[in-house]
Amino acid sequence: MKILGLIGGISWISTVDYYRMINQGVNEKLGGLNFAECLIHSFNYADIKRNNDANDWDLTLRMVTAASLNLKQGGAKAIILCANTMHLIADRLEENIQLPVIHIASATADVVKAAGIKRVGLLGTKFTMEQAFFKDKLTEQGIDTIVPGDEEREFIHYTIFEELGRNVFMPDTKKFYIDVINKLVKQGAEGIILGCTEIPLLLSQDDVSIPLFDTAQIHSKAAVEFALS
């Protein structure tokens, strides 16, 4: 089994889910007392958020590079960035550390394509919804992406950091997300990508009729497949 290096703390809440899903995934494949071999570097979320707010991705890249090299020194054979937004630096990180970075958007695009879906709605932080790093991976698979309107993106971004990332889940926020999804369906979305690893803690497939793609779950499965390959 290959050792996985997890970059977490962004937020710690979703990192816990990654750790659980990866261990469960390995155990489902191997049975018995077999679980994942992994190392975790957990960041102070406030440091990463400060960089994000300043649009200082170079500093974030330096921090994540240093952490990933420590994981590599500890035996990690691939890096798992336990957050969608962090994949904005994934390609440059892979060059820096000379290890595979298992890309959350590539894994998600493969699953969406396998489902036969050609147009998806994308929810996540403003960085994920507005920049190209996630949507480009979908485009490469022939999948069209639509995102919520300006004010809706602002509110979703706010709730990710000020509510979901703090383990706060409000009924009104859940209703807002469902309303946004319904609007995206009217615009032709055939599925919805939950492109923030905290959103599946708020919403489940039972809440909507359209297929939901849980990126944290998809990413964790891809990590398990790599570890056991």
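The values are calculated or read from the model by the stated rules, or taken from the named source; none is laboratory data. Predicted, not measured: the structure shown is a model, and the values here were computed from it. Cβ atoms come from the backbone with ideal geometry, glycine included; neighbour counts cover every protein chain shown. Protein only, heavy atoms only, side chains kept; ligands, DNA and RNA dropped before computing areas. Shrake-Rupley method; radii C 1.70, N 1.55, O 1.52, S 1.80 Å.
Students often check this: by mean Cβ neighbours within 10 Å, which of 16-25, 190-199, 32-41, 84-93 ranks highest, and how do the rest follow?
Those peptides, ordered most packed to least, come out 190-199, 84-93, 16-25, 32-41.
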**OP:** Could you pull out every whole DSSP H run in the chain that spans at least 24 Å of Cα extent along its own axis and averages -0.5 or higher on the Kyte-Doolittle scale?
**Re:** 12-30
**OP:** Identify all lysines with a Cα-Cα distance to Lys174 below 21 Å; exclude those on the same chain that are fewer than 8 residues away in sequence.
**Re:** Lys126, Lys183, Lys186
Subject >> Answer label for Cα Rg over 2.2 N^0.38 Å (calculated), chosen among (1) 0.93; (2) 0.97; (3) 1.07 >> reply: (2)
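Among the listed pairs Lys2/Lys72; Lys2/Lys135; Lys29/Lys113; Lys2/Lys29, which have their C-alpha atoms separated by more than 18 angstrom in this model?
Working: Lys2/Lys72 12 Å; Lys2/Lys135 29 Å; Lys29/Lys113 24 Å; Lys2/Lys29 14 Å.
Exceeds cut-off: Lys2/Lys135; Lys29/Lys113.
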Original post:
Tell me, what is the FRET efficiency for Tyr158 and Leu39 to the nearest 0.05, using R0 = 41 angstrom and their Cβ-Cβ distance as r?
Top reply: 0.80
Original post:
Per-residue ellipticity at 222 nm for the chain, helices alone: DSSP H runs ≥ 4 residues times -39500 (n - 2.57), over residue total, nearest 500 deg cm²/dmol?
Top reply: -16500 deg cm²/dmol
Original post:
What ranking of Asp172, Asp179 comes out by heavy-atom accessible area, probe 1.4 Å, highest first?
Top reply: Asp172, Asp179
Original post:
Given a 1.4 Å probe and every protein chain left where it sits, what share in percent of the accessible area of the chain is carbon and sulfur?
Top reply: 50 percent
**OP:** Taking H placed 1.01 Å from N in the peptide plane, check which residues at least 5 places from Leu81 or on another chain put their amide H under 5 Å from its amide H.
**Re:** Ile7, Ile102
**OP:** Quick one: check the C-alpha center-to-center distance for segment 64-110 versus segment 121-182, whole angstrom.
**Re:** 22 Å
Subject >> Protection proxy ranking of 57-64, 153-160, 102-109 - average other beta-carbon atoms within 10 Å, highest first >> reply: 102-109, 153-160, 57-64
Original post:
For segment 121-229, what percent of Cα pairs sit more than 18 Å apart?
Top reply: 49 percent
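Subtract the Cα-Cα distance of Lys113 and Glu140 from 0.36 nm times their separation in residues, and report this length gain in nm to one decimal.
On the way: separation 27, 0.36 × 27 = 9.72 nm, distance 1.04 nm.
That works out to 8.7 nm of additional length.
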